[in-house]
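A.B. asks: What follows is a structure written as structure tokens; I'll ask about it next.
The values are calculated or read from the model by the stated rules, or taken from the named source; none is laboratory data. All figures in this text were calculated on a predicted structure; none of them were measured in a lab. In this analysis, Cβ positions are derived from the backbone assuming ideal geometry, glycine residues included, and neighbour counts consider all displayed protein chains. Note: accessible area is taken over every heavy atom of the protein model, side chains too, but ligands, DNA and RNA are not part of it. Shrake-Rupley method; radii C 1.70, N 1.55, O 1.52, S 1.80 Å.
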Amino acid sequence: MLLEARPELSTAVLRPLGAASLLCQVEPVGRWFEAFIKRRNRNVSASFQELEDEKETSEESEDEEFQIEEFALLKTLDPKDWKNQDHYAVLGLKNLRYKATQKQIKAAHKAMVLKHHPDKRKAAGEQIVEGDNDYFTCITKAYEILSDPVKRRAFNSIDPTFDNSVPSKSEAKDNFFEVFSPVFERNNRWSNKKNVPKLGNMSTSIEDVDGFYSFWYNFDSWREFSYLDEEEKEKAECRDERRWIEKQNRAARAQRKKEEMNRIRTLVDNAYSSDPRIKKFKEEEKARKEAEKKAKADARRKEQEEKEKQRLAELEAVRLAKEKEDEEARQQALVLKKEKEIQKKAIKKERQRLRTTCKNWNYFSENEADSVKMMEEIEKLCDRLELTSLQSLNETLSGTSKEASKSAVEKQIAEVNLQIKREKEQEEARMRQSTKGAEQSSSGGGGSSKSWSEDDLQLLIKAVNLFPAGTNARWEVIANYMNLHSVSGIKRTAKDVINKAKSLQKLDPQQKDDINKKAFDKFKKEHKVVAQAVDNAVPSERFEAPGADLSTPWTTEEQKLLEQALKTYPVNTPERWEKIADAVPGRSKKDCMKRYKELVEMVKAKKAAQEQVLNTTKAKK
Amino acid sequence: MAAIGVHLGCTCACVAVYKDGRADVVANDAGDRVTPAVVGYLENEVIVGLAAKQTRVRNATNTVVKVKQILGRSCDDPHAQKHISESKCSVIEKGGKLRYEIDTGDIVKLVSPEDVAKLIFSKMKETAQSALGSDVNDVVITVPFDFGDNQKKALGDAAAAAGFNILRMVHEPSAALLAYGIGQDSPTGKSNVLVYKLGGTSLCVTMIEVNSGIYRVLATKTYDDIGGLCFTEALAQYLASEFQRSYKQDISGNARAMMKLMNSADVAKHSLSTLGSANCFVDSLYDGIDFDCSVSRARFELICSSLFNQCIDPIKILLEQVGVKATDVNQVVLCGGSARMPKLQQLIRDLFPDVELLSSIPPDEVIPIGAAIEAGILLGKENPSMELDTITIECTASDILVKEADESGAETFSILLPSGTPLPARRQHTLQAPGTYTSVCLELYESVRKSSTPENSKFAQIVLKDLQKKDNGVHDIVTVLTMKRDGSLHVTCTEKDTGRSEMITIEDSS
């Protein structure tokens, strides 16, 4: 129950509300939430809603006013040819066309029906054509097309009054905007998107112009050409035919659509290329770029000049500094030279003194030979002793008797000799060290317990090249070969050989290359010789006693010459070996024959080794 | 038209479909209405659901559980760290993102949590579509209240990858309210609802104010250290001690035996919610010994008594935080599978003796049903996609009250426009005054809390004069309060008989 008002009270606001509303986060669930949001969104756009409402009412009022323009030729229309009639004109909406609202179409149709319905006309005493042949059918058809949004769109697409023309570039030379504006205005009705940008005028900003052209280049048109379909699907009698018709129609539509897209494209292309604004923008851009470029070049040049200047200054400074330094160095050198000269003089003097002193005392000896020897020793002393020691020696010599000075000199000589000897020893030791080191390095990297001599290494390389990768039981063959041929007599297993070969591979590439080259040469040579030997094998050939000169090994050069000679002088050549020996300079007939024998031997051994391994592997199997 | 609501929890996922005006949970291909959110990777297949949960005993390292815990979280997140440390399946960090390392023989696959969630969503979608018999992709997904943007995005991405079209993500408590249709019948009135959700691994208590059919979360609190699994673990521990007592074998160190025991305890726990006692039987639990043990509900409640207390305390803390008395809570909604426990329901009932405890819908199905209802509401809306976080609306800050007198003549206040009403708001009341009066005065007060109404909070008065005396009757005074979004209040009072009216407009102070 409410309270009674006291007489003095009256309706009043005493104070405003304290913090009447506050923001709350709410959960977006439930239908009331949806309703609330919808309501709120409505409120936001209230003004818009009102505007729309107003528009609608104004349209309604227009409805009553709008004029139906009677189509003069209406009565002459052939109902059979309804497809080619202008439906808007038939309904009297010639002026509104695609802008006509559904409401207007409906109203127009109603008006036409009222006026042209056969019953009405009959009542008015007109003659009526029987059946579908009456022109009223045209009205019905027109309404049928225009009241269905899909069919209406199809008809709108091929609106016979629409101007499809595209102005050429030359047309728009002087009055671009006057020529193109209406064209774009006309074509924007096909756009799927609303708010088609306007062409604008000379003062339109570059962004807007870009937007305009990008819109038109990506024009999304709803225009379609199903209305022009030549065959009607409904007419088909069977499914196959229907399909065929559909296919035909689709192809025709696609063709027309393509043409339409081309038309728009040409239009935009023409407009773009003749647009004075684009030209202007391009020029501006060019000018701007050039200015930028120029500014950049200027900056660069300036910078370069600055740098050059700096560089020159630096060079100058360096030069000055260097000059100064040189001067100082020269001064110093001069001083040093002077000092040296002084010292040299002093040392010369001292030496002279020593010599004279010694001479005075007749080199502390009685006989001639001793004195000569002493003289040599003294000379040695003179050579080796420093200035100070010479001085001190001279001091002692000048101050003492002959005997004492002799002992002093001898002592000095002994010292010097000792020193010389030590130096010599050191030298020797160093020599030994270096030779040892060389030896070590040559045999280094072996890693295996068995040492590898130079010959063995050569042999190994040869063997490796002789039995290339892929040879059956390659490493065993190589090991066998090595054992057969090695002079060292060390038994090597396949493992050792592998290890060594690997370590050899690890050697520095230069060395490896060298070794390989040599080995390959050798291998090649031997190979050839072997082939030769097999060809020329003459068991009856006799050799003179072997084992004359083993010391000089065959060089590659000589080997080559030998091979060449062996080839040029076949087996049955008279005095073959003499000729061969002539062909190989520096080698006697004996040498040649020995070498040949060696080679034959080698080949045989190799074969034997290979066979042996083959046999063992076979036996294993 | 149909739509789907999906709830992906840490332990279980559940899907409900909305069709023909009602929402219902659909059972999966195994006949269960709730699908374990477990994904197992085998050598040449991936299994989801109950089968994966069962094979986990043998395939623990390649079975992903509780994927929701690290979904969309970064490596240094404490939640993720906790999950990584607990997970049997190894989780590694790659490129700043967490990935499960799945080793199924040949190659080690790296699986992202989103992929795992996607598999579960695919399973739910399959379930829903097989029930509907049609290809429905529109879905509303529920997210916990504490999910951040990253996590929501990860969840959304996973659902989208599964082929869902997400209509909206709603918070789990709101979905629970919607499942019971709270505030949906009439758009007026205001109530406080407590949502109590005890899931597999977390406890979440939320206080929601329902005003004009719109939900507003007053306070919420999530506890990650308690959940249904704790109860299962406690029971399993008990069973293990029982086993040790009878067979003198300690199995607590044997992970596989414990896992078997956990599965068995889980089943036993579920049956204890409905039965007085449950039998726990594990074949060849340890060393070839079969284990058979019967647990009564009383025993179970005794084992878990401390856990129950732990589950109840958060409610008290929340009430204190909001400043709402237990009697001011109008309804309590239970959700989460563990809220099924009779003892727990009893404890809550004890806490709110006069409050309606809503548990008619199975608690683990409440949330997906709410999501499905929301999906039904959103279905057919033109533009339902809205940013979830940015929904803030203007509300009244204070109650608008009018001073009245009761039969004995004492002053009372009745609320005309409650606080928290979304604006713009319009409320119509018919107030009565004794017919003997010739003039009536409406004194309008404002107050943030109902309890205190100091005299100085009066902000306006409306006086209606020259009323006709009615000796045996009352004056009916129609009062309409309209508050706009800017906070200005417009009050119109009209005496019904004479049509005499007065109106005032109070501007907002700001």
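A.B. asks: Using a Cα-Cα cut-off of under 22 Å, which lysines could be cross-linked to A:K340, ignoring same-chain neighbours fewer than 8 residues away?
C.D. replies: A:K348, A:K349, A:K380
A.B. asks: If you bin the C-alpha pair distances of region A:98-256 every 10 Å from 0, what whole percents do you get?
C.D. replies: Over region A:98-256, the share of Cα pairs per 10 Å bin runs 8, 24, 26, 22, 13, 6, 1 percent.
A.B. asks: Further, regarding this structure: By how many nm would the segment from A:E237 to A:M202 grow when fully extended, if each residue of separation counts as 0.36 nm and the alpha-carbon distance is taken off?
C.D. replies: Extending this stretch completely gives an extra 6.6 nm.
A.B. asks: How big is the B-A contact in terms of buried accessible area, both chains counted, 1.4 Å probe, rounded to the nearest 100 Å²?
C.D. replies: Roughly 5100 Å² of accessible surface disappears when B and A pair.
A.B. asks: Given all pairs of different Cα atoms, what value in angstroms does the Kirkwood hydrodynamic radius of region B:228-305 take?
C.D. replies: By the Kirkwood definition, the hydrodynamic radius is 12.2 Å.
A.B. asks: Could you state the accessible area per residue of region A:102-203 in Å², with a 1.4 Å probe and every protein chain left in place?
C.D. replies: For region A:102-203, the solvent-accessible area averages 57 Å² per residue.
A.B. asks: Further question on the same structure: For a bin width of 20 Å, list the pair-distance distribution of the protein assembly as shown built from all Cα-Cα distances, rounded to whole %.
C.D. replies: 8, 16, 17, 20, 16, 12, 8, 3, 0, 0
A.B. asks: What is the antiparallel percent of DSSP beta bridges lying wholly in the protein assembly as shown, to the nearest 5?
C.D. replies: Within the protein assembly as shown, antiparallel bridges account for around 85 percent of the total.
A.B. asks: Rank by packing, highest mean first: peptides B:94-102, A:580-588, with packing defined as the count of other Cβ atoms within 10 Å averaged across residues. Working shown, then result.
C.D. replies: Values: B:94-102: 15.4, A:580-588: 17.0.
Ranked from most to least packed, the peptides come out as A:580-588, B:94-102.
A.B. asks: Something else about it: Averaged over B:205-212, how many beta carbons belonging to a partner chain fall within 10 Å of each residue's beta carbon?
C.D. replies: Partner-chain Cβ atoms within 10 Å, mean over residues of B:205-212: 2.
A.B. asks: Kyte-Doolittle mean at least 1.0 and Cα extent at least 20 Å along the axis: which DSSP H helices of chain B qualify?
C.D. replies: Membrane-span-like by this rule: B:363-378.
A.B. asks: Hey, another quick one. Taking amide H positions as placed 1.01 Å from N in the peptide plane, with prolines and chain starts having none, which residues 5 or more places from B:T412, or on another chain, fall under 5 Å of its amide H?
C.D. replies: So B:T412 has HN proximity to B:E404, B:A405, B:D406.
A.B. asks: A further question on this structure: Write down the accessible area per residue of chain B in Å², having rolled a 1.4 Å probe over the full set of protein chains.
C.D. replies: Value returned for chain B: 43 Å² of accessible area per residue.
A.B. asks: Accessible area per residue, 1.4 Å probe, Å², for region A:269-333: what's the number? Write down the numbers at each step before the final one.
C.D. replies: Values: 5800 Å² over 65 residues.
Normalised by residue count, the accessible surface of region A:269-333 is 89 Å².
A.B. asks: Okay, moving on. With a 1.4 Å probe and every protein chain kept in, tell me what percent of the accessible surface of the protein assembly as shown is carbon plus sulfur.
C.D. replies: Exposed carbon and sulfur together represent 50 percent of the surface.
A.B. asks: Now for a separate question. Taking θ = phi - 60°, what integer Hz values does the Karplus form 6.51 cos²θ - 1.76 cosθ + 1.60 yield along region A:341-352, in sequence order, with x for Gly and Pro?
C.D. replies: 4, 4, 4, 4, 4, 4, 5, 4, 4, 4, 4, 4
A.B. asks: Next question, about the same structure. Consider a paramagnetic label point 7 Å from the Cα of B:E86 along Cα→Cβ; state which residues of region B:221-236 have an amide N under 17 Å from it.
C.D. replies: Output list for this probe position: B:222-236.
A.B. asks: Counting every Cα pair in region B:454-504, what percent are over 16 Å apart?
C.D. replies: So the portion of pairs separated by more than 16 Å is 52 percent.
A.B. asks: What relative contact order, as a whole-number percentage, does region B:273-384 give when Cα pairs under 8 Å and 6 or more residues apart are counted?
C.D. replies: Numbers: 91 pairs, mean separation 22.0, N = 112.
Reported as a whole number, the value is 20 percent.
A.B. asks: Given region B:400-506 reduced to its alpha-carbon atoms as identical point scatterers, what log10 I(q)/I(0) does the Debye formula return at q = 0.09, 0.12 Å⁻¹?
C.D. replies: Log10 I(q)/I(0), no solvent term: -0.23, -0.41.
A.B. asks: Could you compute Rg(Cα) / (2.2 N^0.38 Å) for region B:324-376, with N its residue count? The partial results should precede the final answer.
C.D. replies: Numbers: Rg = 12.3 Å, N = 53, 2.2 N^0.38 = 9.9 Å.
For region B:324-376, the normalised Cα radius of gyration comes out at 1.24.
A.B. asks: How large are Rg and Dmax for chain B when calculated on the C-alpha trace, in angstrom?
C.D. replies: Cα radius of gyration and Dmax of chain B are 28.0, 97 Å respectively.
A.B. asks: Grab the beta carbon distance between B:E411 and A:K106, set R0 = 60 Å, and tell me the FRET efficiency rounded to 0.05.
C.D. replies: 0.35
A.B. asks: Under 5 Å between amide H atoms, partner at least 5 residues away or on a different chain: which partners does B:V324 have, H built in plane at 1.01 Å?
C.D. replies: For B:V324, whose amide H was placed from the backbone, there are no distant partners under 5 Å.
A.B. asks: Using θ = phi - 60° and the Karplus curve 6.51 cos²θ - 1.76 cosθ + 1.60, what whole-Hz ³J(HN,Hα) does each residue of region B:181-188 get, with Gly and Pro shown as x?
C.D. replies: My calculation for region B:181-188 gives x, 5, x, 8, 6, 10, x, 10 Hz in order.
A.B. asks: Average partner chain C-beta neighbours within 10 Å, per residue of B:391-400?
C.D. replies: 6
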